[in-house]
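**Student:** After the structure tokens below, expect a handful of questions from me.
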């Protein structure tokens with residue numbers, strides 16, 4: 001019932017209101033004055049204190065619901081909003097984290113994002129600066145015809161094929177055959193076929209390109225009276241975990257030979273000669289012409305992969321010098337922005353390069369090493385947020 005305030009306690013306010021309401025119907029002279037026990041006065045006092053306790057309980061409950069004032073139930077609030085307290089968290093910092101999480105429900109509106117950032121950063125938050133449309137950089141102006149693999153929307157959806165390069169690609173401009181393997185080693189063998197349009201190394205925007213498969217090879221089950229060329233790969237009809245490579249061209253026999261199980265051992269098959277070459281899965285290759293070199297392990301996929309850069313959904317979060325290099329602060333801001341923008345926007349946490357009483361500039365920013373373009377973006381002005 002006690003609080004550091006110049007106002008009357010809630011119990012006293014209830015007590016006085018009740019006495020005023022009864023008027024002269026009862027004598028409410030306190031016992032301390034009359035010396036005679038006064039049950040009417042005691043009853044009013046008890047009721048006033050009960051009402052004050054109920055009112056305080058409601059205020060306290062409201063404080064526990066609001067993360068900025070929660071205390072007793074702060075850890076339960078953190079659990080409800082999936083906030084994991086850090087080792088160096090204080091009560092105010094944990095309250096700020098929860099308050100920022102509650103703002104996610106308001107979406108990516110400017111006011112909601114600013115309120116969330118202010119909850120996380122406190123006095124370190126300076127400005128929230130979106131890129132204006134005339135300032136945005138787009139490369140290319142529309143989807144690039146040389147780096148897009150997109151199916152026509154009227155065609156039925158086809159199964160995506162995703163593999164990785166086993167050989168590096170260093171020859172460009174001429175058709176070459178390169179070996180590939182499954183991207184998912186636990187899936188069934190994924191085979192690229194002739195006329196498949198694939199994106200090569202889309203994870204590297206400087207090297208990503210679209211190519212068309214002109215030929216493909218893989219190990220095939222043995223068949224009778226089949227013409228084999230040198231280098232063809234053969235699998236026995238009864239799988240033994242090995243594959244065989246044709247070393248002498250010819251035609252297979254009418255019946256399957258006895259396939260050896262020792263690596264390097266030859267076997268005659270009709271007029272062709274095969275050699276036990278290795279354990280399955282046998283290598284697979286595809287042939288295409290490349291404009292760029294590519295590394296071993298680069299992804300090759302038939303999935304839709306537009307190659308298009310834009311800064312139209314880009315914002316700068318301007319913070320103080322200390323906050324700009326604090327790893328935990330940056331992690332909290334990045335997590336909040338990722339969930340608020342639902343992954344459709346980009347942002348950068350920056351510190352001012354110049355300041356004035358009302359704002360300043362950030363930058364300069366350059367993109368000379370990116371496919372987004374070769375012209376530096378320069379500096380940007382910002383306005384301090386109150």
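**Student:** What's the number of the condition residue 114 fails, among (1) in a helix (DSSP H, G or I); (2) outside the structural domain of residue 331 (by TED's automatic domain parsing)?
**Tutor:** (2) is the only condition that residue 114 fails.
**Student:** Another question, if that's okay. Using the structure shown, decide if residue 123 is touching a helix residue (DSSP H, G or I) at 6+ places or on another chain (Cβ under 7 Å) and either closer than 22 Å to residue 349 by Cβ or in contact (Cβ under 8 Å) with a residue 40 or more places away in the chain (or both).
**Tutor:** no
**Student:** I would also like to ask the following. Could you list, in sequence order, all residues of region 80-96 that are loosely packed, with under 13 Cβ neighbours inside 10 Å and either under 19 Å from residue 326 (Cβ atoms) or modelled with pLDDT of 75 or more (or both)?
**Tutor:** Correct list: 84, 87, 88, 90, 91, 92.
**Student:** Considering only region 25-67, how many residues are closer than 30 Å to residue 116 by Cα and loosely packed, with under 13 Cβ neighbours inside 10 Å? Walk me through it before giving the result.
**Tutor:** Let us first name the residues in region 25-67 that are closer than 30 Å to residue 116 by Cα, namely 56-67.
Subsequent filtering for residues that are loosely packed, with under 13 Cβ neighbours inside 10 Å retains 57-59, 61-62, 65.
So the answer is 6.
**Student:** OK, next. Just to be sure, is residue 179 in contact with a strand residue (DSSP E or B) (Cβ under 9 Å, 6 or more places away or on another chain), assigned to a strand (DSSP E or B) and touching a residue at least 60 places away in the same chain (Cβ under 8 Å)?
**Tutor:** So residue 179 fits the description; yes.
**Student:** Give 238, 205 a once-over and let me know the one that is out of contact with any helix residue (DSSP H, G or I) (no Cβ under 9 Å at 6 or more places or on another chain) and not assigned by TED's automatic domain parsing to the domain that holds residue 288.
**Tutor:** Going through 238, 205 in turn, just one is out of contact with any helix residue (DSSP H, G or I) (no Cβ under 9 Å at 6 or more places or on another chain) and not assigned by TED's automatic domain parsing to the domain that holds residue 288: 238.
The values are calculated or read from the model by the stated rules, or taken from the named source; none is laboratory data. These numbers were taken from a predicted model, which means no experiment stands behind them. Ideal geometry is used to build each Cβ from the backbone, glycine not excepted, and the neighbour counts take in all protein chains shown.
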